[in-house]
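Since the structure comes first, as structure tokens, the remarks are kept for the end.
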Amino acid sequence: MTVGSAPGKAILFGEHAVVYGHPAIAVPLGGVRAMAEIRELAGLPQGHVLLEAPDIGLHSWLHEMDEGHPLAQAIMSGLAALGVENAPALEIQLSSTIPPASGLGSSAAITVATLRALGEHFETPLTLELQSELTYGIEVLYHGTPSGVDNTVVVFEKPVWFRPGDPPVPLVIGEPFTLVVADTGESSDTAEVVRGVRKRRDEDPEQYELLFGDIEAVVVEARRAIELGDNRKLGNLMDRNQILLQRLGVSSASLEQLIDAAREAGAQGAKLSGAGQGGNMIALVSPEATQAVLDALERAGAINAFTALIE
Ligand code: PMV
């Protein structure tokens, strides 16, 4: 059996603006992961692939799946990149502890885990650059017009400064910091939320360009604060980014409830993370405030909350 895995991710700053060419900062969340396990199936014809993803109720032969299905495409593009033509019959089992459709990069992680397991199985690990490029292609099937930030951070597993079209820059963390990540329990459909922003921007391009410019200014300041280890400043910048995300129309009542609860319990800053209109929020917490913030989030209705050390 061969195994591949990949982490979840959180966007710290710059979601949505990054779709329009502005920079974003994202971090891997190693505590939640997607996994792919591959076994050879004896006595079956070459090329048969049985795909098992019990979390989403999928048990299907690859050749019976819709060709445009992102999981089918992930396997086919991985096999093609590896130059495997006459593969023995395989069973690919997918699982994940990353909540789906919640802004934590579960789709990118499942693709990367699959590519890694295939690379291991055929003893030709794919380079990180190729994993990222192939995953971007699959993200298009999931999300329509992805910026590329998710595939980048999930593949490289490092805090990253990402601007579409430029090589990603790994960030030096001046002073490790702790995030609390909490789920509203409302699913967030990235493609739909991104389409909504595009529609509103097309109706009022000037206003949206101003907002994206303001977000970029926050992201630039945040990079400096991260590199200098100025975590108090970082919290303020998260709050500023959240105000701009509200103006983009991507927050929601449940996100605001969790963000308020985290701040009142002593978080240094808090914002939604990912596409928004549901999904997860993140809060920056000092060691002393961590438990109080976790408790407050639970009381405020979070269905799941965990901490992640960013270093
Ligand atoms: O919801 P997620 O985790 O897929 O994050 C989406 C981030 C956006 O900036 C809204 C879209 C993108 O492609 O960057």
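FYI, it's all coordinate maths here, none of it is from the lab. Remember, it's a predicted structure, so these values are computed and weren't measured experimentally. No Cβ is skipped: glycine too gets one built from the backbone with ideal geometry, and neighbour counts run over all protein chains shown.
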Show me the ranking of peptides 167-173, 207-213 by mean Cβ neighbours inside 10 Å, starting with the highest. 207-213, 167-173
With an 8 Å Cα cut-off and a minimum separation of 6 or more residues, compute the relative contact order for the range 161-311 in percent. 38
Hey, what's the per residue convex hull volume over the C-alpha atoms of the chain, in cubic angstrom? 122
Taking θ as phi - 60°, what are the ³J(HN,Hα) couplings along the range 93-100 by the Karplus curve (6.51, -1.76, 1.60), each to the nearest whole Hz, with x for Gly and Pro? 10, 10, 8, 7, 9, 8, x, x
In percent, how large is the relative contact order of the chain, given Cα pairs closer than 8 Å and 6 or more residues apart? 22
Output the peptides 49-57, 302-310 sorted from most to least packed, where packing is the average of other Cβ atoms within 10 Å over each peptide's residues. 302-310, 49-57
State the answer as a single residue: which of Val250, Val140, Pro176 lies farthest towards the positive end of the charge dipole of the chain, with beta carbon charges of +1 for Lys and Arg and -1 for Asp and Glu, about the Cα centre. Pro176
Using the Karplus curve 6.51 cos²θ - 1.76 cosθ + 1.60 with θ = phi - 60°, what ³J(HN,Hα) values do you get for each residue of the range 75-80, in whole Hz, with x for Gly and Pro? 5, 5, 6, x, 4, 5
Interchain or long-range residues, amide H under 5 Å from Lys9's placed H: Leu29, Gly105
Taking amide H atoms as placed 1.01 Å from N in the peptide plane, list the residues 5 or more away in sequence, or in a different chain, whose amide H sits under 5 Å from that of Phe177. Ile310
Protection proxy ranking of 115-123, 101-109, 76-84 - average other beta-carbon atoms within 10 Å, highest first: 101-109, 115-123, 76-84
Once you charge only the Cβ atoms, +1 for Lys and Arg and -1 for Asp and Glu, what is the size of the charge dipole of the range 1-153 about its Cα centre, to the nearest 20 debye? 380
Using a Gaussian network for the chain with springs between C-alpha atoms less than 10 Å apart, which of these wobbles most: Arg240, Arg263, Arg200? Arg200
Just want to confirm a number: the relative contact order over the range 157-233, from Cα pairs under 8 angstrom separated by 6+ residues, in percent. 43
Under-5 Å amide H pairs with Ala26, H placed in peptide plane, nonlocal only: Leu12, Val160, Phe162
Just name one of Val3, Ser96, Leu210: the one whose Cα is farthest towards the positive end of the charge dipole of the chain (beta-carbon charges, Lys/Arg +1, Asp/Glu -1). Leu210
